[in-house]
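For reference, the structure is listed below as structure tokens.
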């Protein structure tokens, strides 16, 4: 697991340093909705093998408090005593688009994990990069030294990744390496919200 903790706060700070702002918008504003529940399902990478996480799932609840939301993720059917990495993502399947590291889930001896995250998980979840700016490089050859400029971009999906390709192989899954942990040495995506349309992920149900 990444030695860099407080990933969500660090992600905001890094994006601000690079000229990227995580903020809010009035898109889809209408009657306020302050609570939602939904499920995460096996990712397309996991379903490629019948042996890979056959019983894995997660129940997610989000409650808006106004300034922020509280999101609880309860996962089950995962390998016991392993670490996973949770991201808010643009689309649920590869190539995933803009992806923001929220934090970690660690399973118990029964393959169950329970995590609570506080942030902006609603129609007001977006990132924007008004201009190109330098970014810190902590992992040579893996980190970008600057950001591309882009207009506000909403991210309404969730994805959960194996922290280690070795853990994925032991679970009967592909051993591919992906950048979805703090050291950019993660395994494949285990769970996602691909059970929702790509352009309308479940976070969009919350309207503060």
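Arranged by the count of other C-beta atoms within 10 angstrom, fewest first, what order do 69, 83, 106 take?
Final ranking by Cβ density, sparse to dense: 106, 83, 69.
State the extension gain, in nm to one decimal, for the chain segment bounded by residue 112 and residue 131, taking 0.36 nm per residue of separation less the distance between their alpha-carbons.
Extending this stretch completely gives an extra 2.6 nm.
Over the range 107-171, consider all pairs of different Cα atoms and compute the Kirkwood hydrodynamic radius from their mean reciprocal separation; express it in Å, one decimal.
For the range 107-171, the Kirkwood estimate is 15.8 Å.
Hey, in the GNM for the chain with a 10 angstrom Cα cutoff, which one of 66, 141, 182 fluctuates hardest?
It is 141.
Given the options 137, 88, 60, which has the most mean-square fluctuation in a GNM of the chain, springs set between C-alpha atoms less than 10 angstrom apart?
The residue with the greatest mean-square fluctuation here is 137.
Going by C-beta contacts inside 10 Å, put 40, 71 in order with the fewest on the left.
The order, fewest Cβ neighbours first, is 71, 40.
Fewest first, what order do 151, 142 take by the number of other Cβ atoms within 10 Å?
Final ranking by Cβ density, sparse to dense: 151, 142.
Per residue and in Å³, how big is the convex hull formed by the alpha-carbon atoms of the chain?
109
The numbers here are math on the coordinates, done by the rules we state, and not lab data. If you're wondering where the values come from, they're calculated on a predicted model, not measured in any experiment. Don't worry about glycine lacking a Cβ; one is built from the backbone with ideal geometry, like all the others, and counts go over all protein chains shown.
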